[in-house]
Amino acid sequence: MKIYVAGHRGMVGGAICRRLEARRAAGEDIELITRTSADLDLTDQAQVAGFMQAERPDRVILAAARVGGIVANNSYPAQFIYENLMIECNVIHQARAAGVTKLLQLGSSCIYPKLADQPMAEDALLTGTLEPTNEPYAIAKIAGIKLCESYNRQYGTDYRSVMPTNLYGPGDNFHPENSHVLPALILRFHKAVAEGADEVVIWGSGTPMREFLHVDDMAAASLFVMDLDDATYQRETQPMLSHINVGSGTDVTIRELAETVARVTGFTGKLVFDSSKPDGAPRKLMDVSRLDRLGWRASIPLEQGISDTYDWFLSRPADELRAK
């Protein structure tokens, strides 16, 4: 089975490749296909068409995307919507043109309305206004879902979408300005320990609640959904509401998260919460009951996952982490 993983150098794509490599080592007949962005520009229709026609993969996993935090989304909204739309349109359309009947597209929890009921269920999609700071990215990811569903309706393909919660793990972005909350906290506490600081200041009150999922769990869930037989998958989905949430099903306060990172990094000083800084949404939790009914649950506890991530962080050269 030839499987093309788009975005294999990213955190999620890399984890999926590791899991596929392990399956191949265990005896499965898998040929893994990857290309770097230098070798294949996924925003270029002609390049993607030529690649798909030449390789003719049996399955495609679309984990490639332009991603970033609030600052990046605010600074480059045109690039975020354009590049993600082009990647999705080119990969999905050209996969179908090359005869690929099975595809998995990875999205984001930001597809849901800003004021969606908690936990956020799949049927909350398109029921309200999106969060303004990442609306262009969210619209592109919604379009990806609808591309898959529309191609299924018209061409009889089996293109599925999974929507992860906040992900973390080996391969994460630890850039001091562009990283998300968990890697940012790991970096901040690591520096505090190295510099002998007696306190760490954390933005906000510490009361908002967030959900986190280790990237290895995300990789396992992605392949689980892709491998589901049609009857089981269709039992829990609808043709135009077919995406599946992927998360841990539990959340923690930012204070609890910071306390966990402090334990993992060995920081014993004081935690100071700067309430003058914005908290953001009070809670963001995914409803993962659909995935639970299908037979999959996350298995990596948060503190264990953070410890694993910190070990990976410590093993990387400093210039590699800065390059993120």
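The values are calculated or read from the model by the stated rules, or taken from the named source; none is laboratory data. All values reported here derive from a predicted model rather than from experimental measurement. Using ideal geometry, Cβ is built from the backbone for each residue, glycine included, and neighbour counts are taken over all protein chains shown.
Screening T253 with (1) surrounded by 18 or more Cβ atoms within 10 Å (Cβ to Cβ); (2) in contact with a strand residue (DSSP E or B) (Cβ under 9 Å, 6 or more places away or on another chain); (3) of a type outside the set (D, E) gives one miss only, at (1). Looking for whichever is hydrophobic (A, V, I, L, M, F, W, C), outside any helix (DSSP H, G or I) and modelled with pLDDT under 95 here; the options are V67, V71. Which one fits? Criteria check complete, one pass: V67.
Based on what the data block shows, is L147 free of Cβ contacts under 8 Å to residues at least 60 places away in the same chain and not acidic (D, E)? Taking the combined requirement at face value, the residue satisfies it.
Do any strands (runs of 3 or more DSSP E) lying entirely in region 92-182 carry at least 1 residues that are closer than 19 Å to M240 by Cβ and modelled with pLDDT of 95 or more, and which ones are they?
Hits in region 92-182: 102-106, 158-164.
Listed by first and then second residue, the pairs with beta-carbon distance under 7 Å, at least 6 apart or on different chains, first residue in region 47-62 and on the phi > 0 side of the Ramachandran plot and modelled with pLDDT under 95, second among the charged types (D, E, K, R) and assigned to a strand (DSSP E or B), form an empty list. Among residues that are surrounded by 20 or more Cβ atoms within 10 Å (Cβ to Cβ) and not polar (S, T, N, Q), L103 is included.
In this entry, A6 passes the filter for residues that are of a type in the set (G, A, S), surrounded by 20 or more Cβ atoms within 10 Å (Cβ to Cβ) and on the phi < 0 side of the Ramachandran plot.
Among the aromatic types (F, W, Y), part of a helix (DSSP H, G or I) and more than 29 Å from E177 (Cβ to Cβ): which single residue out of F51, F80 fits that description?
Numbers: F80 fails: more than 29 Å from E177 (Cβ to Cβ).
Every option except F51 fails the conditions.
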